[in-house]
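Heads up: the structure comes next, in structure tokens.
The values are calculated or read from the model by the stated rules, or taken from the named source; none is laboratory data. The model shown is predicted, which means the values in this text are computed figures rather than measured ones. Note: ideal-geometry Cβ built from the backbone for every residue, glycine included; neighbour counts use all protein chains shown. With ligands, DNA and RNA removed, areas are computed over all heavy atoms of the protein, side chains included. Shrake-Rupley method; radii C 1.70, N 1.55, O 1.52, S 1.80 Å.
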Amino acid sequence: MRSRYTHWVYLLCIVLGMSIGHTLLGLLESGPRHGYDLKRSFDERFGRDRSLAYGQVYSTMSRLLKNGLVEIDGLETSGGPERKRYSITDAGVTDVEQWLGQPEKPEPYLQSTLYTKVVLALLTGRDANEILDTQRAEHLRMMRDLTRRKLDGDLSDRLICDHALFHLEADLRWLELTTARLSELTQEIRT
Amino acid sequence: MIDTLLSGHELHKTYGATPALAGAEFTVGAGEIVAIMGPSGSGKSTLLHCLAGIVRPDSGTIRYDGGDLTAMSDTQRSALRRSDFGFVFQFGQLVPELTCLENVALPLRLNAVKRKEAETKAREWMERLEVADLAGKRPGEISGGQGQRIAVARALVIRPRVVFADEPTGALDSLNGERVMKLLIEAARDTRAAVVLVTHESRIAAYSDREIVVRDGRSRDMARAT
Ligand SMILES: Nc1ncnc2c1ncn2[C@@H]1O[C@H](COP(=O)(O)OP(=O)(O)OP(=O)(O)O)[C@@H](O)[C@H]1O
Ligand SMILES: [Mg+2]
């Protein structure tokens, strides 16, 4: 019973942003660091759109400490506030390895907001074409921004932007296909 | 607002009983990159061919640099194409009997530039598109992605004021498509050439400044859609 409970808590942690924990753990693999350093390298590499709050680092590290995935490597008390230096444990390394080896759950986005909007427009006799075209223009605007950012950026910018671009492209293809099927869909919905 | 360099107004074109264009509108300014998108068979290529003076529309007007393209004779239009326009298509555009260098130099040769000068310029553009090492090869001996970069070099060698590109990356994988687009866009920006880019791929259209969508021969300016 107990082990099943921890299993679910563990899964829940993964779903609710446990990946920050794994990421910080992964960063620790190259050597012991202070919480502040960890935050800085996280922000530098992964925090383009979401830099970490100190509180988040602090709470994540104390959780990792409690779970035995990191340990205190040294304490500095000179002058300012107490600064803990963390290092990764063997269990921590295993944990990172398991995380990296596990595929992410693909999200099929069934019943997306866009689909709902299109159907509602048709049900209420509004112009669904207009909704699709407006969305299409918005998607392309964003893709343009990302493309510009990519052209000016380094390799990691390019990889991050490309990931977003391929996803937007998939949405846009759906918008195009739905536009092409609109009269068929209208018939089906109104009968 | 950019001054209009090339525009089409109320363009109609019918092939037999098939209406290919039914009142399409288009404008592009100097140095501007405009994407033409839309479903297959909607009239994208026909629109590009009309704008480039390759196909004569049944009705409507096309203005280029203050002049009326639709009022020109065939000879005048082909002279204009040779001097002012560059072309990149999806495939089969390089002359198989010529080397890559000769292919790139060809538009200059057609404009009566001397061989040596033409080949020097061709080499410069090939270097810029990172295909200088293919100079002596023939089109049959190079990959699709390399061929497209040769084609871009050939389109740009005359320093055209308008580059017409119809699915220039259609046969390429993502990485090569991207390389071709990056080089095309950078070169066009440097020379302030306008680009008319037909594509059905949104990631490619995202290199443009603006897009229009053609559906059933009619165009829709997406900048005004919202
Ligand atoms: N030379 C031609 N002779 C006869 N019909 C033609 C010719 N060129 C185009 N068409 C017709 O005109 C319509 C528009 O064709 P066009 O080639 O402009 O479409 P497109 O949008 O470029 O399509 P695709 O994305 O498949 O290239 C189509 O119905 C096509 O069959
Ligand atoms: Mg076409």
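Below is a table of values for the structure above.
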item: Under 10 Å, Cβ to Cβ, from A:LEU52 - net charge with Lys/Arg +1 and Asp/Glu -1; result: +2
item: Estimated buried accessible area (total), pair A and B, 1.4 Å, Å² to nearest 100; result: 1700
item: √(5λ) per eigenvalue of the Cα gyration tensor, segment B:1-142, largest first, Å; result: 32, 18, 15
item: Given charges at beta-carbon only (K, R positive; D, E negative), |dipole| of segment B:1-92 in Debye; result: 320
item: Angle in degrees between helix B:144-156 and the longest Cα principal axis of chain B, rounded to the nearest 10; result: 80
item: q = 0.08, 0.10 Å⁻¹, the protein assembly as shown: log10 I(q)/I(0) [Debye, one scatterer per Cα]; result: -0.62, -0.84
item: Lysine pair count for the protein assembly as shown [Cα-Cα under 22 Å; pairs on different chains or 8 or more apart]; result: 9
item: Whole-percent carbon and sulfur share, accessible surface of segment B:114-167, 1.4 Å; result: 43
item: Accessible area of segment A:111-190 belonging to carbon and sulfur atoms, whole % at 1.4 Å probe; result: 54
item: Accessible surface, per residue, of the protein assembly as shown when the full set of protein chains is kept, probe 1.4 Å, Å²; result: 54
item: Dipole moment magnitude, nearest 20 debye, chain B about Cα centre, only Lys, Arg, Asp, Glu C-beta charged; result: 340
item: Nearest 10 degrees, 0 to 90: helix B:115-128 Cα axis against chain B principal axis; result: 80
item: Degrees separating the helix B:74-84 axis from the principal Cα axis of chain B, which is the longest one; result: 60
item: Summed side-chain charge close to A:VAL70 - residues other than A:VAL70 whose Cβ falls under 14 Å, Lys, Arg +1, Asp, Glu -1; result: -1
item: Reduction of at least 10 Å² in accessible surface, 1.4 Å probe, comparing all protein chains with the chain by itself, residues of segment A:113-141; result: A:GLU130, A:ASP133, A:THR134, A:ARG136, A:ALA137, A:LEU140, A:ARG141
item: Dipole magnitude (debye, nearest 20) for the protein assembly as shown, charges at Cβ of Lys, Arg, Asp, Glu; result: 320
item: Cα-based Rg of segment A:111-190 normalised by 2.2 N^0.38 Å, two decimals; result: 1.33
item: Low-density loop cleavage sites - trypsin sites (Lys or Arg not before Pro) in segment B:43-125, where at most 11 other Cβ are within 10 Å (DSSP); result: B:LYS114
item: Over the protein assembly as shown: helical MRE at 222 nm, DSSP H runs n ≥ 4 each giving -39500 (n - 2.57), nearest 500; result: -16000 deg cm²/dmol
item: Local net charge near B:LYS13, Cβ-Cβ under 14 Å (Lys/Arg +1, Asp/Glu -1); result: -1
item: Anisotropy class of segment A:18-101 from Cα gyration tensor, a/c 1.5 cut; result: oblate
item: Shape category assigned to segment B:136-207 from the gyration tensor of Cα positions, a/c cut at 1.5; result: oblate
item: Residues losing 20 Å² or more accessible surface upon assembly, segment B:191-207, compared with the chain by itself, 1.4 Å; result: B:SER202, B:ARG203, B:ALA206, B:TYR207
